[in-house]
Amino acid sequence: MPTARSNGFKIAYEITGDGPPLVLHPGMFQIGAHWDRPGYTAALAATHTVITVDPLGLGASDAPQDPAAYTLERRADYVTAVLDDVGADKAAFWGYSLGALTGYAVAVHAPGRLTRLVAGAFDPIGGFRSAIGPTLRHLGLPADTDPYQLVKQGATTDPAQAAVIDAGDLGAFRANYEAFSHEPGPHAELAASGVTMLMYAGTADPWHDPMRTFAQRTGADFFSVPDADHLGGWNRSADVLSGVLPFLAGDLAA
């Protein structure tokens, strides 16, 4: 895999297709190749140069164990380092879950590098913590339950994510989680970034309503995936692509 360097760390990525550049960033316990299985990469590579990233801490990228390596500014740095490595001044960005937070980071810290941003299923107002209470109550678990263990256990039910976890660095996973789980939602800075945005989430996802609220306040585009929870908002690629492709077509006409 090609690699870029960011703050001393290696960031791995793959390139597919031809056209305007589009960065795809997956969620926690996922790598860039996970965009392939639901059919996203093939559909997008027909019109774009698709750059799938292994996030810092995952896959073929380096895996620092210090939460300071995973701040929003550092997340933006490794995306822009990949853009520099491929020679792209600007690109569209699509991230899901933790990938959406990374997209917010780029919009806040390097807005000039983005042509547009697609963000799936991450609350820009309350951040990760806004889902903890509802999730624990839904599962009937005490308020002091460690959410990290729930996220990790949930990921292991997917064989592809389980393989990433088995091959990865548990200390880096935890450091990554400690960083993003304590970040407040960057809604004010995101709203001021001037980046053209499309947001979406499943109606059964706890982050659906905060994302819709943010979009309504700021004039960003938004669509819902009916009856989908957080996982469904990822797996139902046909429904998602039908909402995203018209938005990304703006780069094709530019």
With Rh as the Kirkwood radius over Cα pairs, region 14-110 has Rg/Rh of 0.94
In whole angstrom, the spacing between the Cα centers of region 1-71 and region 109-138 equals 18
So the carbon and sulfur contribution to the accessible area of the chain, 1.4 Å probe, in percent, is 52
Mean 1/r over distinct Cα pairs of region 117-203, inverted to a Kirkwood Rh in Å, yields 15.0
Spelling it out for V118: with amide H atoms placed in the peptide plane at 1.01 Å from N, the residues 5 or more places away or on another chain with amide H under 5 Å from its amide H are F93, W94, G95, L198
The equivalent-ellipsoid semi-axes of region 78-126, taken as the square roots of five times the Cα gyration tensor eigenvalues and listed largest first in whole Å, are 20, 10, 9
Expressed in Å to one decimal, the Kirkwood Rh of region 110-254 from all distinct alpha-carbon pairs is 16.8
Result for the chain: accessible area per residue, probe 1.4 angstrom, in square angstrom, of 40
Here region 1-68 gives, from Cα atoms, an Rg and Dmax in Å of 12.4, 38
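The values are calculated or read from the model by the stated rules, or taken from the named source; none is laboratory data. If you're wondering where the values come from, they're calculated on a predicted model, not measured in any experiment. We work out accessible area using only protein heavy atoms, side chains counted, and drop any ligands, DNA or RNA first. Shrake-Rupley method; radii C 1.70, N 1.55, O 1.52, S 1.80 Å.
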